[in-house]
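Following: one structure in structure tokens, then a few remarks.
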Amino acid sequence: MPAPRRRALCQELSRTPLPLGACSSGVPSPPPGWEGSAPTRQSSRGPGARPRRWLQLWRRGVAQAAEERLCARPAAGAEGRSEAERVFLHMGRTMKEDLEAVVERLKPLFPADVDVVAAYAESYHEHFAAQLAAMAQFELCDRDTYMLLVWVQNLYPNDIINSPKLAGELQRVRLGSLLPPRQIRLLEATFLSNEVASVRELMARALQLESQRWAQDVAPQRLDGHCHSELAIDIIQIISQGQAKAESISLDLGVQIKHVLLLELAAFLRSYQRAFDDFLERCRQLRNYRGNVIANINNCLSLRTSMEQKWQNPQDLPGHLLDPLNELKSHGFDTLLQRLFGDLKPLFKKFTQTRWAAPEQTLEEILSTVADRLPEFSELLDSFREELVEVVHLHLVKEYITRLSKRSLVLKTVEQQQQLAGHILANDAAIQRFCAQNGSSATWLHHALPKLAEIIRLQDPSAIKIEVATYATWYPDFSKGHLSAILAIKGNLSSSEVRSIRSILDVSVGVHQASKPLFSLIKVG
């Protein structure tokens, strides 16, 4: 019984009361002389005296009337509602309407020392509880387990006992729960098991259907100019509905299921990542391959946003949830950029092949190639397109440093070294300008090339050591091997000077900021 059905039950409980009267319903009316205020007690044989044992007979009649009213065959209900749901809806409406009629019409007829509301409430409660207890003895289907808990934990206490017309009267009666605590806990455990299994099955089915669409080369949908997949929406709805069902029973149960659903979501995301990796490997020749890759990268935003808004504490999202999404996005980027990076490789080789004779022209050719290919990524969501440009930014800087580190260029004069440093600074400015214009915010790369240019330009070994020490705070993965490859350009340094400069990396000088890999991506001989 999902949330809409639960709301429908609440609406039916609040309909105009059925006609109930002390006489029309078969409930015993007060005897003559009890209307209004209580009469003066007289002799047992005098006029107006209360009949002997009348109170016991009356209470017995109330209990019998409650049973008859609650056991009456319910009227034909809406289609799609189970027999158990119709029975309990009938009992709930009948109890609410009858007790409201007792408060409004019978209570004024009884003397103050006869608690007519309590008598009716206790009789109806006992029969209602007996019906639920009898049903709970059987092996219930998932739907009836949920329905039973909704009545016990939510509808009965909130929509009947604490309804506006009855709350003031029934609070002092203290009817209690329809089921004992132990039985409620057993039913809740069964509900949690059932609901988690259902969520797991629904998510697996959604992923299976989506994977079939990829393999069948079905083109992704387009939404606002971006490739779109319904998978993320389906998963968010499945998780949200499971959470909402538990919360419609009780807030405490909602808290319990939240943690379990997070674990199920984490397991699903790992399955999603594996299925996507398999698609990347097996379906490269399909016509809609790149479109579906982009659609799945775009899915990551909806999934992450949903977790941040609904499923997470103020702390950062845990790794077991974020890692599969980050891996999926990273593998998707690698696939989308593979052809571009392959085209750039021979262009970067021109730096060393020409011995850096015309680095500005070479870089211009590289950036022109990138610019021609960027429209291919326009169907990514804006935030992911910007992230992809950051990956391109990193690749440009990394490949540039790789060319500098090839030890193929040895410059022995100060003028030559200063000229190369000037080329590097000009190339870096062009790279930064191009990437920033296209959305990159990778400011952490801004020091990578200028600081290397400064190391190449400087001539005093002590000044070089200071610059190297500073550089290592920006890029902690800058190793002695990388430093040696750069110092090899400076052909006027002696071996002892090189050893002295290298030794500065043996001193821990701290890290300027949270580091990202750069030099660990660069292999040096």
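The values are calculated or read from the model by the stated rules, or taken from the named source; none is laboratory data. Every value quoted in this text rests on a predicted model; they were computed, and no experiment measured them. No Cβ is skipped: glycine too gets one built from the backbone with ideal geometry, and neighbour counts run over all protein chains shown. In case anyone asks, the SASA skips ligands and DNA or RNA and just uses the protein heavy atoms, side chains included. Shrake-Rupley method; radii C 1.70, N 1.55, O 1.52, S 1.80 Å.
For this structure, a couple of remarks:
- Helices (runs of 4 or more DSSP H) enclosed by the stretch 300-419 - at least 2 residues per element that are of a type in the set (Phe, Trp, Tyr) and open to solvent by less than 20 Å² (accessible area, probe 1.4 Å): 319-353, 382-404
- Test set (1) open to solvent by 60 Å² or more (accessible area, probe 1.4 Å); (2) under 20 Å from residue 424 (Cβ atoms) - residue 480 fails condition number: (2)
- Residue in the stretch 62-78 that is at pLDDT below 90, basic (Lys, Arg) and surrounded by fewer than 16 Cβ atoms within 10 Å (Cβ to Cβ) present: yes
- The stretch 231-246 residues that are open to solvent by less than 40 Å² (accessible area, probe 1.4 Å), paired with ones that are of a type in the set (Ser, Thr, Tyr) (beta carbon under 6 Å, 6 or more apart): 232/302; 236/306
Condition check ((1) open to solvent by less than 20 Å² (accessible area, probe 1.4 Å); (2) touching a residue at least 12 places away in the same chain (Cβ under 8 Å); (3) within 25 Å of residue 197 (Cβ to Cβ); (4) in a helix (DSSP H, G or I)) across all residues:
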position	(1), (2), (3), (4)
106	yes, yes, no, yes
114	yes, yes, no, no
131	no, yes, no, yes
135	no, yes, yes, yes
140	no, yes, yes, no
158	no, no, no, yes
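- Top-ranked residue of the stretch 265-279 - restricted to ones that are out of contact with any Asp or Glu (no Cβ under 8 Å at 6 or more places or on another chain) and buried (at least 19 other Cβ atoms within 10 Å of the Cβ), ranked as farthest from residue 321 (Cα to Cα): 279
- Taken as a whole, the structure leaves residue 153 outside the set of residues that are surrounded by fewer than 20 Cβ atoms within 10 Å (Cβ to Cβ) and either closer than 23 Å to residue 72 by Cα or within 42 Å of the chain's Cα centre (by Cα) (or both).
- Residue count for the stretch 452-484, restricted to those that are outside any helix (DSSP H, G or I) and aliphatic (A, V, I, L, M): 1
- Given (1) crowded, with 18+ Cβ neighbours inside 10 Å; (2) closer than 22 Å to residue 243 by Cβ; (3) under 24 Å from the mean Cα position of the chain (by Cα), number of the condition residue 187 does not satisfy: (3)
- In the stretch 173-188, the residues that are on the phi < 0 side of the Ramachandran plot never reach a residue that is in a loop (DSSP other than H, G, I, E, B) and among the aliphatic types (A, V, I, L, M) with C-beta atoms less than 6 angstrom apart, at least six apart or across chains.
- Answer from 464, 455 - the residue that is buried (at least 20 other Cβ atoms within 10 Å of the Cβ), in contact with a helix residue (DSSP H, G or I) (Cβ under 6 Å, 6 or more places away or on another chain), farther than 25 Å from residue 393 by Cα and β-branched (Val, Ile, Thr): 464
- Answer residue from the stretch 466-522, given it is among the polar types (S, T, N, Q) and closer than 22 Å to residue 443 by Cβ and is modelled with the lowest pLDDT among those: 513
- Residues in the stretch 438-451 that are under 14 Å from residue 400 (Cα atoms), open to solvent by less than 50 Å² (accessible area, probe 1.4 Å) and assigned to a loop (DSSP other than H, G, I, E, B): 0 in all.
- Meets criteria (open to solvent by less than 80 Å² (accessible area, probe 1.4 Å), in contact with a strand residue (DSSP E or B) (Cβ under 8 Å, 6 or more places away or on another chain), more than 30 Å from residue 99 (Cβ to Cβ) and not aliphatic (A, V, I, L, M)) for residue 195: no
- Tally of residues being in a helix (DSSP H, G or I) and over 30 Å from residue 191 (Cβ atoms) across the stretch 275-292: 11
- Within the span defined as the stretch 195-212, every residue fails to be outside any helix (DSSP H, G or I) and at pLDDT 95 or above.
- Test: residue in the stretch 426-446 that is closer than 18 Å to residue 356 by Cβ and without any contact (Cβ under 8 Å) to a residue 12 or more places away in the chain: yes
- Taken over the stretch 166-179, the criterion of being part of a loop (DSSP other than H, G, I, E, B) and surrounded by 13 or more Cβ atoms within 10 Å (Cβ to Cβ) is satisfied by 166, 173, 175, 177, 178, 179.
- Flag if residue 442 is in contact with a Cys (Cβ under 8 Å, 6 or more places away or on another chain) and under 25 Å from residue 365 (Cα atoms): yes
- Those residues of the stretch 191-221 which are charged (D, E, K, R), within 26 Å of residue 308 (Cβ to Cβ) and more than 20 Å from the chain's Cα centre (by Cα), in sequence order: none
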